[in-house]
Each structure stands twice: as structure tokens, then as C-alpha cells.
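Just so it is clear, none of the values below were taken in a lab; they were calculated from the coordinates. None of the values given here were measured: they were computed from a predicted structure. Here the Cβ positions follow ideal geometry from the backbone for every residue, glycine too, while neighbour counts run over all protein chains shown.
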Amino acid sequence: MMAQTQLRVRNTTRDTLLADRAVVAGTSKERRTGLLKRTGLEAGEGMWIAPCECIHTFGMKFPIDVLFLSKKWTVVKIAAAVPRRRIAAAWLAHSVLELPAGTIAQTQTAVGDQLVVERAEPVIVL
């Protein structure tokens, strides 16, 4: 049993909530696995992968929205509703926030938007 860090991510430029249960993929194993074992993401869920400048959806079972972020949590590139078997990259990005497909459109998130991150309560993983 271990505690997995969760984040609450807000877009302060648009005053919207992007995720209130984004898990952190900080280890090499967590980054390699990513969302591959999941069958979907619910509203409010997500995954922050750091460091990361390129993602793929090979083996994924669902499309995702992807925000490429600078070290200061500024959106540097957007990839909306990335389907299965695709690659998306932003060579100047520091990290990636993966969200349920439709989140970017719903929140009107755009390149240049500033995000703020808070630690949410940890979840116990069995």
C-alpha cells in the first residue's frame, strides 16, 4: 500500500478548474505506464507527467486532451482529443498534463494560459 500524490490544477487565466484529482507520474515506471492500464478518465481526473515533452497513445483505450507546459506552468502547446495510436510532442515543454477528452474545449484553455497547481489529499493505492 502506498500514497499517490494528487494535484488540483486551475487555469487562472480563464478562472476554470482543469482537474481536482490529477495523479503525478514522477517515477520512470509511472511515466512508462501512464494511463495505459486505464479504461477512461472521468471529469476532474488527469495525469501530470514530468519531465515530459512527448507522449503517445499507443495501447490506450480512449482519447485524451494534452496540455504541454513550461516549468512555470504556462501552456505552451495543446493537443485536443488525441486518439489512439498517435504521438504528440512539444520540444520546449517541461511537462504534460493529460486530461479527459473535451476538457480543453469545455474550459476554453489556450496556449499562453497560466495554470496554478495545489497538492490535493493523497490517495492510498493498494
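The table below lists the values:
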| item | result |
| --- | --- |
| Within the stretch 22-93: Cβ-based charge dipole about Cα centre, in debye rounded to nearest 20 (Lys, Arg +1; Asp, Glu -1) | 260 |
| Mean Cα-pair separation over length for the stretch 11-121, i.e. relative contact order, pairs under 8 Å, 6 or more apart, % | 32 |
| Ellipticity estimate at 222 nm from DSSP helix runs (n ≥ 4, -39,500 (n - 2.57)) divided over the chain, nearest 500 | -2000 deg cm²/dmol |
| Fraction of antiparallel bridges per DSSP, the chain only, in percent to nearest 5 | 85 |
| Residues in the stretch 64-82 that a label on residue 13 would reach, taking backbone N under 14 Å of a point 7 Å out along Cα→Cβ | 67-79 |
| Loop-located trypsin sites (Lys or Arg not before Pro) in the stretch 28-126, at most 13 other Cβ atoms within 10 Å (DSSP) | 37, 61, 71, 72, 84, 85 |
| Which of 56, 96, 82, positive extreme of dipole for the chain (C-beta unit charges) | 56 |
| Estimated dipole of the chain in Debye, rounded to 20 [Cβ of Lys and Arg +1, of Asp and Glu -1, Cα centre] | 440 |
| FRET efficiency, 1/(1 + (r/R0)^6) with R0 35 Å, evaluated for residue 110 and residue 28 via beta carbons | 0.65 |
